[in-house]
Amino acid sequence: QVQLVESGGGLVQAGGSLRLSCAVSGRTFSSYAMGWFRQVLGKEREFVAVISRSGGTINYADYVEGRFTISRDAAKSTLYLQMNNLKTKDTAVYYCAGRTDIGGRYAYIQRGAYVDWGKGTQVTVSS
């Protein structure tokens, strides 16, 4: 019954912008800290950004370099990732994930910290 559904991916030229969305249902949205991860074929899934349950604490991967903004809308039970000045290196499948076991064994940058995952949305950045 728990569903996380990403949308907003697509093809964009380098320097362009894209906004990803992740709609959550089947579980109380406010119970999740929410994260974004991305994965290139043949490589490990890597952390992008995370936002706390209240939205008051945010952390980004170093490579974001100020270009991305993670946010959440409690009324819409939706997580967002605004991506600006996209680079070809940003090409990947982007996944949203929910974390309920806050303060558990895994840190927020690790996949194991997240209990529920979406199926992903493809982002392709062309030169």
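Exactly one condition in (1) out of contact with any Gly (no Cβ under 9 Å at 6 or more places or on another chain); (2) in a strand (DSSP E or B); (3) aromatic (Phe, Trp, Tyr) is false for TYR80; which is it?
(1)
Give region 99-117 a look and list any residue that's part of a loop (DSSP other than H, G, I, E, B) and among the hydrophobic types (A, V, I, L, M, F, W, C), or say none.
Result: ILE102, ALA107, ILE109, VAL115.
Which residue pairs have Cβ atoms closer than 7 Å, lie 6 or more positions apart in sequence or on different chains, and pair a first residue in region 43-69 that is over 19 Å from LEU20 (Cβ atoms) with a second residue that is open to solvent by 70 Å² or more (accessible area, probe 1.4 Å)?
Within 7 Å, the pairs are ARG53/SER30.
Of the conditions (1) surrounded by fewer than 21 Cβ atoms within 10 Å (Cβ to Cβ); (2) farther than 26 Å from GLN1 by Cα, ASP90 fails just one. Which one is it?
(1)
How many residues are surrounded by 13 or more Cβ atoms within 10 Å (Cβ to Cβ) and modelled with pLDDT of 95 or more when one looks only at region 41-72?
Count: 20.
Is at least one residue of region 99-110 farther than 17 Å from PHE47 by Cβ and open to solvent by less than 20 Å² (accessible area, probe 1.4 Å)?
no
Going by what's in this entry, would GLU6 be described as touching a strand residue (DSSP E or B) at 6+ places or on another chain (Cβ under 7 Å), open to solvent by 60 Å² or more (accessible area, probe 1.4 Å) and closer than 18 Å to GLN122 by Cβ?
no
The values are calculated or read from the model by the stated rules, or taken from the named source; none is laboratory data. These numbers come from a predicted model, not from an experiment. Here Cβ is always computed from backbone atoms with ideal geometry, including for glycine, and neighbour counts include all displayed protein chains. What goes into the accessible areas is simple: the full protein's heavy atoms, side chains included, and nothing from ligands, DNA or RNA. Shrake-Rupley method; radii C 1.70, N 1.55, O 1.52, S 1.80 Å.
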